[in-house]
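The values are calculated or read from the model by the stated rules, or taken from the named source; none is laboratory data. No experiment lies behind these values; they were computed from the predicted model shown. We place every Cβ from the backbone using ideal geometry, glycine too, and count neighbours over all the protein chains shown. Accessible surface areas use protein heavy atoms only, side chains included; no ligands, DNA or RNA. Shrake-Rupley method; radii C 1.70, N 1.55, O 1.52, S 1.80 Å.
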Amino acid sequence: MATTFGLAAVPIFATVGAAIEYTRDGAALGALQSAVDSALLATAQNATSLSSDQLQAKAQSAFDAAFQLSGVATPTVNVSYTPAGTGNATVTL
């Protein structure tokens, strides 16, 4: 009986551990996407009137405020703004 339990415990614990990691990865991905969306919306509204350094600071500030996940390091945000004609522009994070 003990041998059977011992042999069955290894794959059971491995499966539980994999499920926990998969769930944490999904939560981190969702939080990261939400924070990127927040930073993009915050910078896109004033992109034409802000300098590159101001855009960078605003994007990082918005990202930091939105990305509140414990146990995950906050990444650095890089922003670029490209005006493209009348009324069209690209903001990339």
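Here are the numbers for the structure shown:
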{"item": "Residue check for Thr3: open to solvent by 50 Å² or more (accessible area, probe 1.4 Å) and not in a helix (DSSP H, G or I)", "result": "no"}
{"item": "Restricting segment 1-52 to residues that are under 25 Å from Val72 (Cβ atoms) and among the aromatic types (Phe, Trp, Tyr), the residue that is farthest from the chain's Cα centre (by Cα)", "result": "Phe13"}
{"item": "Pair list, Cβ < 6 Å and 6+ apart or interchain, from segment 9-30 residues that are touching a residue at least 12 places away in the same chain (Cβ under 8 Å) and in a helix (DSSP H, G or I) to residues that are open to solvent by less than 60 Å² (accessible area, probe 1.4 Å) and among the β-branched types (Val, Ile, Thr)", "result": "Ala28/Val72"}
{"item": "Number of the exception - Gly87 against (1) surrounded by 10 or more Cβ atoms within 10 Å (Cβ to Cβ); (2) modelled with pLDDT under 80; (3) part of a loop (DSSP other than H, G, I, E, B)", "result": "(1)"}
